[in-house]
């Protein structure tokens, strides 16, 4: 009988350990409780500028409306975005902000030391709030096509920057033709082997 008692004692200890490990819940919430995600509004870091991108570097845009176009880099804005221009009269790209993740930096440079872009910042690109009328007359006016015109300050700033950049481009032979051409890949091209 002593032998039988010895064999049953370890079995009960193992059974006790198994019951302690399993948790049982008496209630489940009917709806999922939504928790707030941490906000990253106040602690955004400005992205570090790549070493290959310096003022005057010719960049190739990879995304957006002007993808494939070559543009001239002017400066990095406080938001971390890059300020670039075509210039507009040369290849149709106006002054705009671009994320550096969507550009390829080339080895071609333009002398932009005489270009003044100190007054251009992120506020320059802010859109004006449109005032809509809630009356029936305001609704009828919305049906008519309204042309969006740029403010005179933006137009004059574009002209000032473009004249200075065009003067630097015209000083280098064949640079204007290079900026006009679009970048594209054809079948069999290996972009990882390109030297820009």
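The values are calculated or read from the model by the stated rules, or taken from the named source; none is laboratory data. This structure is a prediction, so every number in the text was calculated from the model and none was measured. Using ideal geometry, Cβ is built from the backbone for each residue, glycine included, and neighbour counts are taken over all protein chains shown.
Of the residues making up the stretch 159-196, those that are part of a helix (DSSP H, G or I) and at pLDDT below 90 are 191, 192, 193. Look through the stretch 72-103, keep the residues that are part of a strand (DSSP E or B) and in contact (Cβ under 8 Å) with a residue 60 or more places away in the chain, and return whichever of them is nearest to residue 176 (Cα to Cα). Of everything passing the filter in the stretch 72-103, 72 is nearest to residue 176 (Cα to Cα).
Taking the stretch 78-95 as the region of interest, how many residues are buried (at least 18 other Cβ atoms within 10 Å of the Cβ) and under 14 Å from the mean Cα position of the chain (by Cα)? Qualifying residue count, the stretch 78-95: 3. Residue 140 meets each of the listed conditions (1) surrounded by fewer than 13 Cβ atoms within 10 Å (Cβ to Cβ); (2) at pLDDT 85 or above; (3) assigned to a helix (DSSP H, G or I) apart from (2). For beta carbons closer than 8 Å, sequence separation of 6+ or different chains, a first residue in the stretch 157-175 that is surrounded by fewer than 15 Cβ atoms within 10 Å (Cβ to Cβ) and a second that is part of a helix (DSSP H, G or I), the qualifying pairs are 170/176.
Here is a check on your reading of the model: is residue 26 modelled with pLDDT under 75, assigned to a loop (DSSP other than H, G, I, E, B), within 18 Å of the chain's Cα centre (by Cα) and surrounded by fewer than 14 Cβ atoms within 10 Å (Cβ to Cβ)? Criteria not met by residue 26.
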